[in-house]
1. With θ taken as phi - 60° and the coefficients 6.51, -1.76 and 1.60, list the Karplus ³J(HN,Hα) couplings across the stretch 24-40 in order, rounded to whole Hz; mark glycine and proline as x.
2. At 0.36 nm per residue, minus the direct Cα-Cα distance, what do V33 and R55 gain on full extension? Give it in nm, one decimal, please.
3. For the stretch 49-65, in order, what is each residue's ³J(HN,Hα) by Karplus, 6.51 cos²θ - 1.76 cosθ + 1.60 with θ = phi - 60°, in whole Hz (x at glycine and Pro)?
4. Which one of A24, A36, I67 is farthest out on the positive end of the charge dipole of the stretch 11-71, using unit charges on Cβ (Lys, Arg +1; Asp, Glu -1) and the Cα centre as origin?
5. Under 1.5 on a/c is rounded, so check that first for the chain, then, if it is not, pick prolate when a/b is larger than b/c and oblate when it is not; a ≥ b ≥ c are the square roots of the alpha carbon gyration tensor eigenvalues.
6. Over the stretch 28-72, what is the mean sequence separation of C-alpha contacts under 8 Å (at least six apart), divided by residue count, expressed as relative contact order in percent?
Amino acid sequence: MRILVSGAGRVKRDQFIRELNKQARQLGLALEVDFARGKGGHCVVRLNGRFSVIRSGEITPLMARVIRKQLGLD
């Protein structure tokens, strides 16, 4: 499943996490987001035994693809 991003292809971190959560729910999985574990504006997301670190700010399409692959969604 691929979620298309409007605009120039960049999304804010919070919007990207919402998209990940929606995709995980559709697969029957729970996305865990931990802002306390990240340092300097980063957060850790966990899904089905996998994890990825997401920085604050805008997420490029390439970074979104890398994060989805790390979480096993792509």
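Just so it is clear, none of the values below were taken in a lab; they were calculated from the coordinates. Quick caveat, the model's predicted, so the values are computed rather than measured. Here the Cβ is made from the backbone with ideal geometry for all residues, glycine too, and neighbour counts use every protein chain on show.
1. Couplings: 5, 4, 5, 8, x, 10, 10, 8, 10, 10, 10, 7, 6, 6, x, 10, x Hz.
2. Full extension from V33 to R55 adds 6.7 nm.
3. x, 10, 9, 8, 9, 10, 7, 7, x, 7, 10, 6, x, 5, 5, 4, 5
4. Of the listed residues, the answer is I67.
5. Details: a/c = 1.69, a/b = 1.03, b/c = 1.64.
Cα axes put the chain in the oblate bin.
6. Working: 58 pairs, mean separation 13.2, N = 45.
After rounding, I find 29 percent.
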